[in-house]
2 protein chains.
Amino acid sequence: MELDFDKMGGLVPAIIQDAETGKVLMLAYMNTIAWEKTLETGKAWFYSRSRDKQWMKGEESGNVQIVKEVFVDCDDDTVLLKVEQVGKAACHKGYTSCFFRKIDGDVKIIEEKVFDPEKVYKK
Amino acid sequence: MELDFDKMGGLVPAIIQDAETGKVLMLAYMNTIAWEKTLETGKAWFYSRSRDKQWMKGEESGNVQIVKEVFVDCDDDTVLLKVEQVGKAACHKGYTSCFFRKIDGDVKIIEEKVFDPEKVYKK
């Protein structure tokens, strides 16, 4: 399966969905290395644009994502991973999902925090 | 709510999820105009990179997406829309979801076609 990494300068977006609840947890980007490592290891790897390197989701927090199913879209330029989210939280701000805010007139936080980022991530 | 359009040269990715089934239907991109039109009209608008213009999803096929809920991610650079998918198919290839292929050893089509694209789209 060859993905189209050219359309976005070497990256494809990866949507991460909780395999059990169906909740969309996050979106991140993969370069070819992160994509290959994800398929090889069965854990989600991404490419960080700000740090310019691939990383395994959860390598610092312990909240790794165990890949259950992998889907590719019609244009070969986006992937969807259904995962088991270890620690029940994907967001570096401590929430289950990165989409913990809803636009409803104004912007409302609609989830409870699962962990305290200050205690999980090194300063 | 100000989104961060700068990180990707004027675009943010938008994940589209079926509000009723929880199925992830597609990923597309929004520029500021598409984002504003989505919020104003309650229907999903996107920006086409290949055609360099915004468009309303379903404007040709009739398969519009009626927006039920809008979420923003922790970095303000991705949105998640829960929608009612008119016509029960989001993919221009005739499937419910653009993620109609699963990687399982090789690549397998795991959905039935809902419509015939040749009958729906102009040549």
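Of note:
- The set of residues in region A:71-99 being within 13 Å of the chain's Cα centre (by Cα) and assigned to a strand (DSSP E or B) consists of A:V79, A:L80, A:L81, A:K82, A:V83, A:E84, A:Q85.
- Test: residue in region B:64-81 that is touching a His at 6+ places or on another chain (Cβ under 9 Å) and more than 26 Å from A:K68 (Cβ to Cβ): no
- Flag for A:V24 being modelled with pLDDT of 95 or more, under 21 Å from B:I109 (Cα atoms) and β-branched (V, I, T): no
- Answer from A:E40, A:E69 - the residue that is surrounded by fewer than 17 Cβ atoms within 10 Å (Cβ to Cβ) and in contact (Cβ under 8 Å) with a residue 24 or more places away in the chain: A:E69
Residue-wise test of (1) under 21 Å from B:V120 (Cβ atoms); (2) aliphatic (A, V, I, L, M).
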{"site": "B:M1", "(1), (2)": "no, yes"}
{"site": "B:D4", "(1), (2)": "no, no"}
{"site": "B:G22", "(1), (2)": "no, no"}
{"site": "B:M30", "(1), (2)": "no, yes"}
{"site": "B:E36", "(1), (2)": "no, no"}
{"site": "B:E40", "(1), (2)": "no, no"}
{"site": "B:Q65", "(1), (2)": "yes, no"}
{"site": "B:V70", "(1), (2)": "no, yes"}
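- Meets criteria (modelled with pLDDT under 95 and over 24 Å from A:T41 (Cα atoms)) for A:E112: no
- Test for A:K82: is it touching a residue at least 12 places away in the same chain (Cβ under 8 Å) and out of contact with any Leu (no Cβ under 9 Å at 6 or more places or on another chain): yes
- Residue that is farthest from the other protein chains (Cβ to nearest Cβ), among those in region B:82-123 that are in contact with a Gly (Cβ under 8 Å, 6 or more places away or on another chain) and surrounded by 12 or more Cβ atoms within 10 Å (Cβ to Cβ): B:V86
- Verdict on A:T21 being touching a helix residue (DSSP H, G or I) at 6+ places or on another chain (Cβ under 7 Å) and either closer than 21 Å to B:V79 by Cα or free of Cβ contacts under 8 Å to residues at least 12 places away in the same chain (or both): no
The values are calculated or read from the model by the stated rules, or taken from the named source; none is laboratory data. Worth saying up front: this structure is predicted, and the values here are computed from it rather than measured. Cβ atoms come from the backbone with ideal geometry, glycine included; neighbour counts cover every protein chain shown.
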